[in-house]
1. Only one of (1) in contact with a strand residue (DSSP E or B) (Cβ under 8 Å, 6 or more places away or on another chain); (2) modelled with pLDDT under 95 is not met by residue 71, so which one is it?
2. Being surrounded by 23 or more Cβ atoms within 10 Å (Cβ to Cβ) and either out of contact with any helix residue (DSSP H, G or I) (no Cβ under 6 Å at 6 or more places or on another chain) or farther than 25 Å from residue 179 by Cα (or both) is the requirement here; does residue 132 meet it?
3. Exactly one condition in (1) in contact with a strand residue (DSSP E or B) (Cβ under 7 Å, 6 or more places away or on another chain); (2) more than 18 Å from residue 226 (Cα to Cα) is false for residue 115; which is it?
4. Residue check: is residue 60 in a loop (DSSP other than H, G, I, E, B), surrounded by 21 or more Cβ atoms within 10 Å (Cβ to Cβ) and either on the phi < 0 side of the Ramachandran plot or touching a residue at least 60 places away in the same chain (Cβ under 8 Å) (or both)?
5. So in the stretch 173-210, with the set limited to residues that are closer than 21 Å to residue 91 by Cβ and free of Cβ contacts under 8 Å to residues at least 24 places away in the same chain, which one is surrounded by the most Cβ atoms within 10 Å (Cβ to Cβ)?
6. Looking only at the stretch 135-152, count how many residues are crowded, with 20+ Cβ neighbours inside 10 Å and farther than 11 Å from residue 266 by Cβ.
7. Name every residue in the stretch 83-95 that is crowded, with 17+ Cβ neighbours inside 10 Å and assigned to a loop (DSSP other than H, G, I, E, B), in order of residue number.
8. Looking at 233, 224, which one is closer than 30 Å to residue 87 by Cβ and in a loop (DSSP other than H, G, I, E, B)?
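The values are calculated or read from the model by the stated rules, or taken from the named source; none is laboratory data. For clarity, every value in this text was computed on a predicted model and none was experimentally measured. We place every Cβ from the backbone using ideal geometry, glycine too, and count neighbours over all the protein chains shown.
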């Protein structure tokens, strides 16, 4: 199920720098002869093990079911979950700049190795969505149906500034640059990031005080906890390089024309989903994608939870995606109803503790 593909030739990055081969860790669930193949592009700190972190969509009796679907998810280049990254270098900061285009190039190598001629559904959210839209533009004949969630055609100045603030926190840690350094900086960076992954309403709902305190607030404890928890599963240098990769996202770079003309070449039937409370990837960015990709469908998740909603509001996400995949008329906005069994399963999943993999 979980495997490693070792590519032994030179891997030439978008920057022109070279890696002497790369290793790609990936998970491959379900029967290889399945009627459809689903490829998941994960978000910034995600893993290839999509059944573990996106259980509201992927799993037994879920919308994407490994009992009947082939589901593939590859850990991105630059990550710390088995794919080549900075942690593999003696001097982590000597690792070259990785871009979204480089990640997609690695995905294509793996797809070729797996002898995939078609991907029936390519899905990604956040940084995963950036990979998905880049891949849909790079190889227009590979993907039948494309699902882009809380993502964009290029990373915004606001979001790039947010990432730079996190990198400043990493640099403020005096151990950043050492082989296993940067933990205090990573804790601070992740705490900062949580402010962009959630919303004002989410913090008001969950972190409000019952007493009129002067200190020791729930909101402060929450972001400290999120930073501390992150140390147990991630690497400061992977965070550094992946945040830079996210900043690099721009489908127009290296291509002639305009954003409109580049998106116009996408052949996949496309669903673009926005979240009304997402300040990091605002809905205007998804509407731009939906407007420029030919005959794309736009769906909106109304939620108080901000960018994280794609990992929380599974019922709403299921409704939009299931309707899109079943719809005969792709021009109609996705609507629909879950059957009672699936609805109950989704509600159960919502009660579980979620590891937010953004």
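1. The failed condition is (2).
2. Details: surrounded by 23 or more Cβ atoms within 10 Å (Cβ to Cβ): yes; either out of contact with any helix residue (DSSP H, G or I) (no Cβ under 6 Å at 6 or more places or on another chain) or farther than 25 Å from residue 179 by Cα (or both): yes.
So residue 132 passes the test.
3. (1)
4. Values: in a loop (DSSP other than H, G, I, E, B): yes; surrounded by 21 or more Cβ atoms within 10 Å (Cβ to Cβ): no; either on the phi < 0 side of the Ramachandran plot or touching a residue at least 60 places away in the same chain (Cβ under 8 Å) (or both): yes.
In short, no.
5. From the stretch 173-210, those closer than 21 Å to residue 91 by Cβ are 173-186, 189; that's our starting set.
Applying the additional criterion that residues be free of Cβ contacts under 8 Å to residues at least 24 places away in the same chain yields 174-175, 178, 180, 184.
Working: 174: 11, 175: 13, 178: 13, 180: 11, 184: 18.
Looking at the filtered set, the residue picked out is 184.
6. Total satisfying the criteria: 5.
7. Quick first cut of the stretch 83-95, residues crowded, with 17+ Cβ neighbours inside 10 Å only: 83-87, 92, 95.
83, 84, 85, 95, listed by residue number.
8. Numbers: 224 fails: in a loop (DSSP other than H, G, I, E, B).
Residue meeting the stated conditions: 233.
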